[in-house]
Amino acid sequence: LGSVVAYFTSAKFLLYLGHALSTWGDRMWHFAVSVFLVELYGNSLLLTAVYGLVVAGSVLLLGAIIGDWVDKNSRLKVAQTSLVVQNASVILCGIILMIVFLFKTQLLTLYHGWLLTMCYILVITIANIANLASTATAITIQRDWIVVVAGEDRSKLADMNATIRRIDQLTNILAPMAVGQIMTFGSPMIGCGFISGWNLMSMCVEYLLLWKVYQKTPTLALKAAKVEESELKQLNVKKESDMRPAEGVQLIVEKDVTGFEPQEEKEVSCVSRIAEPFITFRDGWVAYYNQPVFLAGMGLAFLYMTVLGFDCITTGYAYTQGLSGSVLSLLMGASAVTGIMGTVAFTWLRRKCGLVRTGLISGIAQFACLVLCAISVFMPGSPLDLTVSPFADISARLFESEPLPTIASPEDKPEMVFATGMPNLLNGSITPANSDPEMSPEPVPLISVSLLFAGVIAARVGLWSFDLTVTQLLQENVVESERGIINGVQNSMNYLLDLLHFIMVILAPNPEAFGLLVLISVSFVAMGHIMYFRFAQKSLGKQLFVCCTPDPKAVSDSSPGNTSTV
């Protein structure tokens, strides 16, 4: 009993609990805000698309600056500030959306609808601030706090990383289901109120949990001093040198960042202040490039350039191929199960073969499963036809002078049918675009779409194992004083490739071109794993394919340049 109580009061468990609460609120909000924006703007995807573009662009541009802010401030201050800003922004957004839902008819008539437009702009801006604060929280907790709590025990770090990912997998499925039920059986306004109330309660509990974890882990109060710019450049130049990054962390004298002795403040010119964010942006990307784990990070980022996931794009394609909503929900549940299996596989493989080789095995497993997706493109039932113009539906709309969706009043309930044939997720319609309800369409063979989803679901095992591998490589091999900025740039790279994948879909939105997008996605996954293979080759040299059970007391094989047998 004593050991059980000790576990539930340990810093590790409290960190898990805080992450679960944070992720639950985060997933509910990300799901709900997209639906709210579609509902508000006449069942059009315009506001949702703008929101997605703003979020991706903001993290892409500000990722390094957010990471630098994380590095320069004490851990508790960073965690508490980002927590309060994130939750306060969501609460404020929820209140504004409730007001809009209540008084939408009146807002439409005021100032020719400009006041309503300003509300939309305000909601997207505040929601973007919430996402940036969420990014800061993820960097400081998942990339820094967890490393300190785990201490020198890398096996414990691997187990904690895997547990965090399992929490992510479960909340990804359960949180949208919960808020979706509330919005379905209640109303969007009730959904807004529930999310605002949840975030208010969650913020107070998480704040307390952070303080408890900070108290139980005294080393969190110690933070490596920020390396001066000249020293940072010298450190980065040693990318190929004999000094291992793990040793580089120990070389830095730890001191309490809250206890810096006051120094004489140098007068900074206005031009220097303006230029500082740009210099930070440049230095962050240069430092990221010079990291020994640069190729591993790039390999992970390339996996974001794919349509082979359970996002709105793949879901919409599945509807056009005749899969029902209930079947899709089962497939999403299966993907969550295989994702959790991936976290279990990661911990087992790491113990047996070491960290770097785990990434290799995971990459091969993921790519082998995605070969099924590539084969599905050429199987019966595949709509692949590159002779069909991607913008045929849009051209037809323009030439036939059909009005585009506009801001709808609450009484209007227009059908939402996308040019890509995506379903109306709000009213349950699964009729493909341009289909005639009077004509009974021939059933589409399900061989192609079945192979596609079999490959996507099976690949989740390798995907999440690979993701955890790269995450731990970054945790172990990035100097402590650079953890924030390097992980900020990594987030920027991930968003950049994710943004490119949406642009790719915009250029080829019709189902007939989806097969081409699948082949491009598989190619980018292959390129990502080739980059990782090159990193592993540099790290382990001739020992690359020697897989043996490492001695727990031995040095981990995750340090590039360490070619000793482990």
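Look at where the Cα atoms of region 178-226 and of region 49-124 average out, and the two centres are 17 Å apart. Shown is the FRET efficiency for Thr105 and Val54, computed with R0 = 30 Å from the Cβ-Cβ distance and rounded to the nearest 0.05: 0.65. For region 1-222, lysine pairs with C-alpha atoms less than 22 angstrom apart, excluding pairs fewer than eight positions apart on the same chain, total 8.
Rolling a 1.4 Å probe across all protein chains gives Lys12 an accessible area of roughly 60 Å².
With all protein chains kept in place, the per residue accessible area of region 1-222 amounts to 42 square angstrom at a probe of 1.4 angstrom.
The distance between label points at Ile279 and Met201 comes to 4.8 nm (points 7 Å beyond Cα on the Cα→Cβ vector). Taking 0.36 nm per residue of separation and subtracting the Cα-Cα distance, full extension of the segment from Val327 to Ser272 would add 14.1 nm. For region 47-171, the Kirkwood hydrodynamic radius comes to 16.8 Å, computed from all pairs of different C-alpha atoms.
Rolling a 1.4 Å probe over the protein heavy atoms of region 1-222, with every protein chain left in place, gives an accessible area that is 74 percent carbon and sulfur.
The listed residues Cys192, Cys119 rank as Cys119, Cys192 when sorted by accessible area, largest first, using a 1.4 Å probe.
Binning the alpha carbon pair distances of region 1-222 at 5 angstrom intervals from zero yields the distribution 1, 7, 13, 17, 18, 15, 11, 8, 5, 3, 1, 1, 0, 0, expressed in whole percent.
The values are calculated or read from the model by the stated rules, or taken from the named source; none is laboratory data. Model, not experiment: these values are computed from the prediction. Because the Cβ atoms are built from the backbone with ideal geometry, glycine has one as well, and the counts that use them run over all protein chains shown. Accessible surface areas use protein heavy atoms only, side chains included; no ligands, DNA or RNA. Shrake-Rupley method; radii C 1.70, N 1.55, O 1.52, S 1.80 Å.
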